[in-house]
Amino acid sequence: MPETIYVYDLGTINYHDAWNVQEQLFQQNVQAKINFYAQQKERLSQGNRALSPSQAATRHFLLLCEHPPVITLGKNGRSSHLLVTPEQLHKLGIDFIHTNRGGDITFHGPGQLVAYPILDLEKFFTDIGKYMRLLEQSVIDLLQEYDIQASRSPGETGVWLDPDIPHRARKICALGVRCSRWLTMHGLALNVNTDLHYFDYIIPCGIQGKQVSSMQRETAKIFSMEEVKTKWIKHFTKLLSQAIDDDVLVETLPSEQLVDHG
């Protein structure tokens, strides 16, 4: 059977609320994976053939959203990369949250496409590096549609513009994920129409001397977030389909089934 990704667009939602939704779906998959491993162990002890990981009762989800202004610090991030105090951020109306994703420090806010894929990678491939590169490629392919030439920066995650040109390299998309039992959460943040002055309060991703940019800054155009979301989903699922040489289906469901964020 083709893999199906259930897509929920949460609109503008508080970071903590979105994190809670992620955790709920992630823990459902964790329990399904635990049950699968227990069943697998019992089958093997009885001399039966092993089950395929595709038979686990895990499901794939994709949460799309924008956040009110918030700065998040990853589990391996340095607090010194925050250039103002949390009290100053509070006065500016910006939340500051320690999170359990990988990566360092970043900003989320209006005009930014945030995507949280909650996947069972065992149904695709068991290679977290490959997954990160796939996320990057999905954004690179998306930006190509808008004539924005993006690429990777060796040794640095995310999607970059002019990464090989000193003093011009600028990051347009940040990545930070969590993976346990080959189950993923968190994801990427693409600056579409983002107000970039918020990044002045941090050393983005802990990388000194490099700038950030947005689709709006690069083109002097304001983009439809709905169009960008739709195009990105297309590229993301296409790459997943290519990775397993099979279709990946998308089913969009109303966000009210997950959370009431008023």
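Data overview
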read-out	value
Angle between the chain longest axis and helix 15-45 axis [Cα atoms, degrees, rounded to 10]	30 degrees
Computed lengthening from R168 to A243, 0.36 nm per intervening residue step minus Cα-Cα distance	23.7 nm
Nonlocal amide H pairs with G158, under 5 Å, H built at 1.01 Å	L175
Cα centroid separation, the range 113-192 to the range 1-78 (Å)	19 Å
Selection from I5, W160, L25 lying farthest towards where the dipole of the range 3-255 points positive, charges on Cβ	L25
Residue (of Q40, G74, C173) at the positive-pole extreme of the chain, dipole from beta-carbon charges	Q40
Between 0 and 90°, nearest 10: helix 225-244 axis offset from the chain longest Cα axis	40 degrees
Net dipole in debye of the chain [+1 Lys, Arg Cβ; -1 Asp, Glu Cβ; about Cα centre; nearest 20]	760 debye
Table column - 3J(HN,Hα) (Hz), the range 189-200, Karplus curve with 6.51, -1.76, 1.60, x for Gly and Pro	9, 9, 6, 9, 10, 5, 6, 7, 5, 4, 5, 5
Distant-in-sequence amide H partners of A56 (H built 1.01 Å from N, under 5 Å)	none
Ranked list, fewest to most other Cβ atoms within 10 Å of each Cβ, for H67, H90, H197, H81	H197, H90, H81, H67
Which labelled figure in (1) 32, 20, 18; (2) 30, 20, 18; (3) 35, 25, 18 is semi-axes √(5λ) of the Cα gyration tensor in Å, once derived from the coordinates	(1)
Residues L175, L258, L83, sorted so that the one with the fewest Cβ neighbours within 10 Å comes first	L83, L258, L175
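None of the figures in this text is laboratory data; all of them are computed from the coordinates on show. Everything numeric in this text was worked out from a predicted model, so none of it was measured. Methodologically, a virtual Cβ is constructed for each residue, glycine included, from the backbone with ideal geometry; neighbour enumeration extends over all protein chains shown.
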